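Trainee: The structure that follows is given in the form of structure tokens.
Where a number appears in this text, it was derived from the coordinates with a stated rule and is not lab data. It should be emphasised that the depicted structure is a prediction, and the values quoted were computed from it without experimental measurement. Every residue, glycine among them, receives a Cβ derived from its backbone with ideal geometry; neighbour counts consider all protein chains shown.
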Amino acid sequence: MSRETTALFISPGDFQRGTGGSFYNRKLAESLRERGVRFDVVMIPDLPYFTGLIAGLAISPLLLLRLATGKYDLVIADGWAHPATILFNVICRMTGSVRLVIIAHHVRWRTMKWPVAFIARKIEGLGFRAAELIVTVSRFVSREVEPLVGCSERIVIAHPGSGPLLATTRYSGTANGKRVRLLFVGNCTRLKGLDHLIEALGLVKDIPITLDVVGDLSFEPRFYKKLVRQAEALGVSQNVTFHGALAHQDLGSFYSRADIFTFPSLYEGFGIVLAEAMHAGLPIIATRLGPTNEILRENENALIVPAADPVAFAGAIRRLAADGFLRESFRCRSRELAASLPTWRQTCEDVCDRIEIMIQNSPDKTRTTMKTPKP
């Protein structure tokens, strides 16, 4: 006899926090709910890597106790949580009592330095190999995960969805003697490369520009304070405004009044904000990372520079700020390219379909079902 699917969704940190990965997870949860999947969300502490491993000795048994009730058919885990869930993942795989799906937004060992990265790589690979299905957010992440798993059969790619946040109203920038407005959207962490962007601003102080930084300042408070001191030391503090975290629906006004979108990141699994900037018709300056090549077109809607290179970033800012015709060409191309990006509904339906296929193909004494969503 068939019955509804019940799932446990494991989130590192607050499920509602303002990260691209958490936003993706929430969109997927909404789509699963529409298909009739009943699930509980478990939020485990988002701890430093090796602290998370130790905490997992207590966290994993608690998660296993939940499974012991026989309530869940499916576990969906954000891959970032794996240090604290590694024991849980392995036992799930060994017992076959529940189907495990991992959402891979990043490959975490890549954010570390050797030799710590070598150890983390082995542990992360063990966690991924425990999954029956691995959903990656880009071809770049898929290529990073495949060597850890040893095969590609269990890996699927589902790019994050996107869409215009607000009907945009363009501002003319320097054409009317105004300052060119740069925009950065992302949480204030070292991996986002904000220190290199601010250093670049110090190299173009002769240009009338401003930078709006929108994102949570509490993730790495010491780094935020460092950025404030850096801007003051470079003499650009009056041109940089830290707006802090905003609700996602409130970002539209920032996209609509910006002239150039900046993406100085040092590591990303995808970069949802790039898609949002393209829907807003923004020219983009981004660092050369694996996922940026999947969404941007160099010299068509974006200038792409090496990561951690303030001089190159400053040169790109100078070029776009001075050339209104180039900015307009990039704006038009961004909108054209944005039209071909998947919507959130398309992305989530694709993931749900993959999970449904996994459920149907998994040998199990009890058949579970997922409802077909309403059109």
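Trainee: Let a ≥ b ≥ c be the square roots of the eigenvalues of the Cα gyration tensor of the range 173-338; is it rounded (a/c under 1.5), or, if not, prolate (a/b larger than b/c) or oblate? Intermediate values should be presented prior to the final figure.
Mentor: Values: a/c = 1.39, a/b = 1.18, b/c = 1.18.
Rounded.
Trainee: Right, next: Packing-wise, with mean Cβ within 10 Å as the measure, how do 118-128, 238-248 rank, highest first? Show your work: numbers first, answer last.
Mentor: Numbers: 118-128: 17.9, 238-248: 14.4.
Final packing ranking: 118-128, 238-248.
Trainee: Expected output is a single nm value to one decimal: the length gained when fully extending between residue 294 and residue 358, i.e. 0.36 nm times separation in residues minus the C-alpha distance. What is it?
Mentor: Details: separation 64, 0.36 × 64 = 23.04 nm, distance 2.69 nm.
Between residue 294 and residue 358, full extension yields 20.4 nm more.
Trainee: Continuing with this model, one more query. Before anything else, pin down the relative contact order of the range 189-312: Cα pairs under 8 Å, at least 6 apart, normalised by residue count, whole percent. Walk me through the numbers before you get to the answer.
Mentor: Values: 157 pairs, mean separation 33.8, N = 124.
Rounded, it is 27 percent for the range 189-312.
Trainee: I've got another one for you. Quickly work out the residue 151-to-residue 248 label distance, labels modelled 7 Å from Cα along the C-beta direction, and quote it in nm with one decimal.
Mentor: Placing both labels 7 Å along Cα→Cβ, they lie 3.4 nm apart.
Trainee: Under a Cβ-only charge scheme (Lys and Arg +1, Asp and Glu -1), can you give me the dipole magnitude of the chain about the Cα centre, in debye to the nearest 20? Write out the running numbers ahead of the final one.
Mentor: Values: 46 positive and 36 negative charges, 48 e Å.
The dipole magnitude comes to about 220 debye.
Trainee: Can you compute the charge dipole magnitude of the range 173-338 about its Cα centre, using +1 on each Lys and Arg Cβ and -1 on each Asp and Glu Cβ, nothing else charged? Give it in debye, rounded to the nearest 20. Write down the numbers at each step before the final one.
Mentor: On the way: 19 positive and 18 negative charges, 67 e Å.
With Lys and Arg at +1 and Asp and Glu at -1, about 320 debye.
Trainee: Calculated from the structure, Rg/Rh (Cα atoms, Kirkwood Rh) equals which of [x] 1.00; [y] 1.05; [z] 1.09?
Mentor: Here Rg/Rh (Cα atoms, Kirkwood Rh) agrees with entry [x].
Trainee: Same structure, new question: Toward the positive end of the charge dipole of the chain, about the Cα centre and with charges on Cβ (Lys, Arg +1; Asp, Glu -1), which of 58, 274, 320 goes farthest?
Mentor: Checked the options; the winner is 58.
Trainee: Kindly flag which residue pairs out of 178/226; 122/225; 27/113; 178/205; 192/226 have an alpha-carbon separation exceeding 24 Å in this structure. Walk me through the numbers before you get to the answer.
Mentor: On the way: 178/226 29 Å; 122/225 34 Å; 27/113 32 Å; 178/205 15 Å; 192/226 14 Å.
Correct reply: 178/226; 122/225; 27/113.
Trainee: Which residues does a label at residue 178 reach in the range 189-203, if reach means a backbone N under 20 Å from a point 7 Å past the Cα toward the Cβ?
Mentor: Once the point is set 7 Å along Cα→Cβ of residue 178, nothing inside the range 189-203 turns out to lie under 20 Å by backbone N.
Trainee: Quick one: dipole size for the range 16-97, taken about the Cα centre, charges +1 on Lys/Arg Cβ and -1 on Asp/Glu Cβ, in debye to the nearest 20. Provide the component values of the computation, followed by the final result.
Mentor: Details: 9 positive and 6 negative charges, 32 e Å.
Dipole magnitude for the range 16-97 comes out near 160 debye.
Trainee: Where does the chain land at 222 nm, in deg cm²/dmol rounded to the nearest 500, when only DSSP H runs of n ≥ 4 count, each adding -39500 (n - 2.57), divided by all residues?
Mentor: Values: 13 runs with 161 residues, N = 375.
Here the helix-only value at 222 nm equals -13500 deg cm²/dmol.
Trainee: Arranged from highest to lowest average of other beta-carbon atoms within 10 Å per residue, in what order do the peptides 83-95, 31-43, 100-112 appear?
Mentor: Details: 83-95: 20.1, 31-43: 16.9, 100-112: 21.9.
Sorting 83-95, 31-43, 100-112 by mean packing, highest first, produces 100-112, 83-95, 31-43.
Trainee: Run the simple label-point estimate for residue 139 and residue 117 please: 7 Å along Cα→C-beta, distance reported in nm.
Mentor: 2.3 nm
Trainee: Cα axis of helix 221-234 to longest principal axis of the chain: angle in degrees, 0 to 90, nearest 10?
Mentor: For 221-234 against the chain, the angle is about 10 degrees.
Trainee: Determine which aspartates and glutamates satisfy two conditions relative to residue 71: a Cα distance under 17 Å, and not lying fewer than 8 residues away in the same chain.
Mentor: Within reach: 4, 40, 364.
Trainee: Could you tell me which of rounded, prolate or oblate describes the range 46-106, using a ≥ b ≥ c as the square roots of the eigenvalues of the alpha-carbon gyration tensor, with rounded for a/c under 1.5 and, failing that, prolate when a/b is larger than b/c and oblate otherwise? Can you show the working numbers first?
Mentor: Working: a/c = 2.21, a/b = 1.39, b/c = 1.59.
Here the range 46-106 falls in the oblate category.
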